[in-house]
1. Hey, which of the strands (runs of 3 or more DSSP E) in the stretch 364-430, taking only ones fully inside, have at least 2 residues that are in contact with a Lys or Arg (Cβ under 8 Å, 6 or more places away or on another chain)?
2. Which of the residues belonging to the stretch 42-80 are within 29 Å of A99 (Cα to Cα), part of a loop (DSSP other than H, G, I, E, B) and touching a helix residue (DSSP H, G or I) at 6+ places or on another chain (Cβ under 9 Å)?
3. Taking the condition of being within 24 Å of the chain's Cα centre (by Cα) and basic (K, R), how many residues in the stretch 264-292 meet it?
4. Could you give me the residue pairs with C-beta distances under 6 Å whose first residue belongs to the stretch 125-147 and is outside any strand (DSSP E or B), whose second residue is surrounded by 24 or more Cβ atoms within 10 Å (Cβ to Cβ) and among the small types (G, A, S) wherever it lies, and which are 6+ apart or on separate chains?
5. Of the residues A299, A337, A344, which is out of contact with any helix residue (DSSP H, G or I) (no Cβ under 9 Å at 6 or more places or on another chain), touching a residue at least 60 places away in the same chain (Cβ under 8 Å), among the small types (G, A, S) and not in a helix (DSSP H, G or I)?
6. Being in contact with a Leu (Cβ under 7 Å, 6 or more places away or on another chain) and either touching a residue at least 60 places away in the same chain (Cβ under 8 Å) or not assigned by TED's automatic domain parsing to the domain that holds Y277 (or both) is the requirement here; does V307 meet it?
7. Give the residue, chosen from Q160, Q101, that is over 15 Å from the mean Cα position of the chain (by Cα), assigned to a helix (DSSP H, G or I) and under 23 Å from L424 (Cβ atoms).
8. Every residue in the stretch 78-129 that is of a type in the set (G, A, S) and either modelled with pLDDT under 95 or closer than 14 Å to A146 by Cα (or both), please.
Amino acid sequence: MTTFKVVSPVDQSVYLERPFARATEIDAVLNKAAKAELAWRKVPLKQRQEILARAVDGFVRHGEQIAEEITWQMGRPVKQSPGEVRGFAERARYMIDIAPQGLAPIHPEPKPGFTRFIQREALGIVAVIAPWNYPYLTSVNAVVPALMAGNVVILKHSHQTPLCAERYAQIFEEAGLPPGVFQFLHLRHEDTERLIADRRIAFVCFTGSVAGGHAVRRALAERFVGMGLELGGKDPAYVRADADLAPAIENLVDGSFFNSGQSCCGVERIYVHADVYARFVDGFVDLTNVYRLGNPFDATTTLGPMVRASAADAVRAQIAEAVAQGAQALIDPKRFASDAAGTAYMAPQVLVNVSHRMRVMTEESFGPVVGIMKVHSDAEATALMNDSHYGLTASIWSRDLEAALQLGHQLATGTVYLNRCDYLDPALAWTGVKDSGVGCTLSPIGYEQLTRPKSFHFRTN
């Protein structure tokens, strides 16, 4: 039996070990899901709501232990991990509550002698491929609405966070979800590709890298089934001359460095109007220097380790390359005692004198580094914000609502924020453009990709 080990970034210990599923187990899970789907889609919507609401309540009851498991598996400070439990509950409850709206039949205008409507039907088996960085907040966007829509789910979670898949199964069982409606598999990459290419899979929800998204597309190339791909970003912020600098600095430092910068919608590049550039940079550096890097189980820690040493080394290399090209690093890593090359513990870094010739301003860093560029106009800022292969979120910092609206219409992005960043409102569509992916989760629109329309056209006289 082949196994994999979860090495905790906290102390490099082996936190747990799990076996990979064998081919016979994968086939059995698919067969069980196919059988369960026939019955689950017939369960009344109200009953589905009740079962999943119980599951969310159970998740919250286990929240303290779940938060601790998150920290051990991927390194987020333990005082911040409970936020993922709260975010999971917020999104899940919202999607459960709006299911009658998102799944309601569509009735066109009356036509004498006919009954006409469009019904939303479940797709069947939905495969959810989830990452480690926000192991519940990424997966809940697909798992709960897929089940609410009458689909069944097979979850393949990251090798770094396998306990999350097991927690889902435990809590759904406690809530009374019928057997086979939710299952999980620990899979090698090649087995994951075979799973999603299987004829029994009706839809694939993937969150991860652009390379991973291409792998999903290739695996589905011979089949006419849908996919939702959330592939990350290089999210920009623009601080206008009229911005309220104190909250802009506070929120953008947090948006850049929360979760050690390992956020799909984390702020990775900031454009600041020349009139406020110096004050903004000084304030940003001062606040960054207040952060405390260290053991995530220490209550005073605000910045934990990255997920693994190799990830931290890749970000360090990106920074070194930018400095060699003329960027200036404003943070002295020696201020952060735990920072050490070759480890997952990495100090935050702020770079100025940057340009789009540098990878740190164009390629996803996914770590605690941000570049800040001076601009002289809204037009210059907009052009730079759009100069990216990605388009997940963008934030504008200004007191002028009308100007922000005009700028927002020009930005190639899935979400435009004003005076906030790095937050998903479940009432709004979570989507991206360009290499940030395709499809949509959350909001009533999130139910559209998890169902198929069926038209009923009856002559009644």
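1. Numbers: elements: 369-375, 393-397, 415-418.
Qualifying strands (runs of 3 or more DSSP E): 369-375, 393-397.
2. Within the stretch 42-80, V43, H62 meet the criteria.
3. Matching residues across the stretch 264-292 total 1.
4. T138/A130; S139/A130; V140/A92; V144/A92; P145/G446
5. Numbers: A337 fails: touching a residue at least 60 places away in the same chain (Cβ under 8 Å); A344 fails: out of contact with any helix residue (DSSP H, G or I) (no Cβ under 9 Å at 6 or more places or on another chain).
Testing whether each residue is out of contact with any helix residue (DSSP H, G or I) (no Cβ under 9 Å at 6 or more places or on another chain), touching a residue at least 60 places away in the same chain (Cβ under 8 Å), among the small types (G, A, S) and not in a helix (DSSP H, G or I) leaves just A299.
6. Working: in contact with a Leu (Cβ under 7 Å, 6 or more places away or on another chain): no; either touching a residue at least 60 places away in the same chain (Cβ under 8 Å) or not assigned by TED's automatic domain parsing to the domain that holds Y277 (or both): yes.
In short, no.
7. Working: Q160 fails: assigned to a helix (DSSP H, G or I).
Checking each option against the conditions leaves just Q101.
8. The initial filter retains those residues of the stretch 78-129 that are of a type in the set (G, A, S), namely 81, 83, 87, 89, 92, 99, 102, 104, 113, 122, 124, 127.
Across the stretch 78-129, the qualifying residues are A92, A99, G102, A122, G124, A127.
The values are calculated or read from the model by the stated rules, or taken from the named source; none is laboratory data. Just so you know, these numbers come straight off a predicted model, no measurement behind them. Don't worry about glycine lacking a Cβ; one is built from the backbone with ideal geometry, like all the others, and counts go over all protein chains shown.
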